[in-house]
1. Given I518, I502, I490, which one is buried (at least 19 other Cβ atoms within 10 Å of the Cβ), of a type in the set (A, V, I, L, M), closer than 24 Å to E547 by Cα and in contact (Cβ under 8 Å) with a residue 12 or more places away in the chain?
2. Specify which of the listed residues (T261, T267) is farther than 18 Å from S613 by Cα, of a type in the set (S, T, N, Q) and buried (at least 20 other Cβ atoms within 10 Å of the Cβ).
3. Taking into account only those residues within region 589-615 that are hydroxyl-bearing (S, T, Y) and outside any helix (DSSP H, G or I), which is farthest from G191 (Cα to Cα)?
4. Residues being touching a Phe, Trp or Tyr at 6+ places or on another chain (Cβ under 7 Å), assigned to a loop (DSSP other than H, G, I, E, B) and at pLDDT 75 or above: count how many of those fall in region 796-810.
5. Any chance you could count how many residues in region 65-89 are in a loop (DSSP other than H, G, I, E, B) and either out of contact with any strand residue (DSSP E or B) (no Cβ under 9 Å at 6 or more places or on another chain) or crowded, with 21+ Cβ neighbours inside 10 Å (or both)?
6. Testing R241 on (1) modelled with pLDDT under 90; (2) within 26 Å of E370 (Cβ to Cβ); (3) out of contact with any strand residue (DSSP E or B) (no Cβ under 9 Å at 6 or more places or on another chain), one condition comes back false. Which one is that?
7. Any chance you could count how many residues in region 444-480 are among the β-branched types (V, I, T) and exposed (fewer than 15 other Cβ atoms within 10 Å of the Cβ)?
8. For the list (1) farther than 21 Å from K510 by Cβ; (2) buried (at least 16 other Cβ atoms within 10 Å of the Cβ), I need the number of the one condition that K441 fails.
Amino acid sequence: MFARIPERQMHILRWISTLSWLLLIASLFYDPITPWLTQANLKWSPFAIDKLTQLDCVKVQGECLIEAPYTMGISIFWGFVIPLSIVILFIGGHELWRRICPLSFLSQIPRALGLQRQRKRVNNKTGKIRYELVKVRQESWLGRNHLYLQLGLFYLGITSRLLFLNSEGILLGIVLICIIFTAILVGYLFGGKAWCQYFCPMTPVQKIYSEPRGLLNSKAHEGEQQLITQSMCRTVNSEGREQSACVACNTPCIDIDAERTYWDNITQPEQQWIYYGYFGLAIGYFLAYYLYAGNWEYYFSGIWSHEDNQLASILDSGLYVFGSSIAIPKLFFIPFIIGICGWTGYQLGKQIEKVYKAFLLRHQKLVNNEIIRHRMFTVSSCLIFNIVFFFAGHHFISFLPGFCEPFLPILITVCSGIWLYRTWKRDAYLYKRESLANRLKKQLIKLKLDVSQFLNNRSIEDLNADEIYVLAKVIPGFDKVKRLKAYKEIVKESIGEGYVNIINSRELFKDARLELNITNQEHELVLTEIEVENPSLVDPQKQTNHENWLRQESYHQEILEALIKFSKNHPHQQIILDLFDISAGRKPFDEFNDVLQKLSSEEREIIQEIRESYSITLEEEQDILTHLGADQLWKTIACNLSIIQGLEAITEGQDSFSLDNRIPTLSSEQRFFYEQAFKKFDKNGDQLLTLDELQALLRSVGRFNSADKMQELISSIDENTRSDGFTFQLFINLIHKGISDIKQSTIKQYFDFLDIDESGKISAEELRLCLQDLDLGSSEREIEQTLESVFENNSQHLSYEEFAQNIRKIIW
């Protein structure tokens, strides 16, 4: 919901919240106005002392406290701002809070000024020096233990509040200013939202009240999956469009997908400390008021926010029971009672987990540690939310209009009840099922199948996960071939975006295979096809996570937009044409720096700032900027069409091969290319392509044959080669013959294949359809960039002569 609010509007809201907070801090040092509003017997003021307390005497350890007019800054901060932030987190979710949080906003000042710490990187091969932002490494002590640190800081904060900060305005102001400067310092030392992710004491509170999803939170894993989701970092470019500014400072990231972060971490031991420990700390905090004063009136009156000389009482007795003071200084008792309650909450939560698990086992119910812990966390969060507002709500209501008083408790109860009902039913399996169903939905839309008869005037976009899977089973025409194609696209997209890797994909897609009736063997063949079409996706050296994928995509988007913008300032330099030549492989990547030299020094500085802000290495930049280019495009098209033509010729009896055929003379590069291609389909290494392996080969070149057609093809191979499959010799002859011995008539056949409307020219749309049909493993953006490099001078048609020239260029 709040993720869709434009960044410009949220930026204004951030300024309003930040300036309001700074004004409140300033009032802690000097406030000549609000003491007048709190004077006793001021009938028209709702903040008059006698109206707030409604008690003749508030006793602390048996003695009445004397009230006097006071500044309201502290009361507003503790009684309104803090409870309001919890309400925002629980109802609006983190995607609202993180986008308006003043401290998060202020921590980004160094980034806005371009004054962030950088680390020098030297490329061992080229000796080139690059600078990148310093980020908290996941394997560092801070990366592994930041939640413990943040919970410890939270404990320190609430104990300090009871000891020093509840009524000492100037000291509270100094502490808040120190926190602001600390956040700014962290923003300088580390890239991204390092303050929010690794240091902020409010992070445990955010996790408890906004995970797996706030009441009005959007779903990052459903609907139209975009590059920018929930509260992730974003900027607005010169054209007014929002673009991602993610630098992958944490993995998984709550700002990108809170529910994914929740399920990925739920079994980690620190999560028990966060949820159960926080529950105990909150109980200990409220209990400390009672044990110190000897009654609840002290807390509910709010007199603690303007109590005189709080600092002078830190060595006084901190425990008052049965009408007697116990000689334990407040300085020691308050940290002890809150700490022991936090530890008790942690231990009690773990024990209840075990009891609940044993209960399920006794009743022979399915036991899953994730579900058990999730339900415990859900009940704990809902319960502590209501407990907090039972206490804090009294002060919160005092700052609202009188007519709100009867409605706020009802609102809190209803909202928490709805949240509990919705969250209780969630589990990791359902989250993954919804995510994969959303990807399947996209593939069904791409196939353009007629599904209107099944939807009853509903849109396919409105279907839930279960309905999508049912629809996939009953749609006419969604046969085995199309299911495999859809499944392959789902797997490829998930791997490409860093959600899974090739190693764990088999387990993670198990349920999707069950729904689509796809076997484990077919899954392995799909992975092989993906590896052939796009080796970088499965390269162990290039395995990435979703956050890193977003970082690289953000860099790609921003660097191209910057270069296109700068090229307009240098119309005679052909910057964009040179860039496409590098992307297409016609020029080496080393010439990219030559392209940058055509820019002004100011423009080059901007390019360098973009590199540094996304911590892009030389290898990453080369991989990002050298996607499928025009030369590789034509080579791939020729290879695919040659295989198609050769296989169809065999089945029609127009061509034959024998085991005695010698392998043609090949260069080392050619032989390596052919061997790698063959091995990727020859799964068992027997030097033969079996029926299943041959089907995978045909799918990779855009041909989806029926079982009868495949049997006919195998029979032709058996008859001609007297073997059990498609041999390596036949494979080489088939491909090499088509690529190395392209005749004029063959080129004409290729041209006619692409010239769908028989106009005598290949249009951009026809070539786009061909690329999609051949399934070359390219994203839509890469296809569009490739088409721009092919159709130069704004021409949208390719003549036969131009087509033949491009095909001949790639002949080995």
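1. I490
2. T261
3. S600
4. Looking only at that region, the number is 0.
5. The qualifying residues number 7.
6. Of the numbered conditions (1) modelled with pLDDT under 90; (2) within 26 Å of E370 (Cβ to Cβ); (3) out of contact with any strand residue (DSSP E or B) (no Cβ under 9 Å at 6 or more places or on another chain), the odd one out for R241 is (2).
7. 3
8. Every listed condition holds for K441 apart from (1).
The values are calculated or read from the model by the stated rules, or taken from the named source; none is laboratory data. All values reported here derive from a predicted model rather than from experimental measurement. FYI the Cβ positions are ideal-geometry reconstructions off the backbone, even for glycines, and counts take in every protein chain you see.
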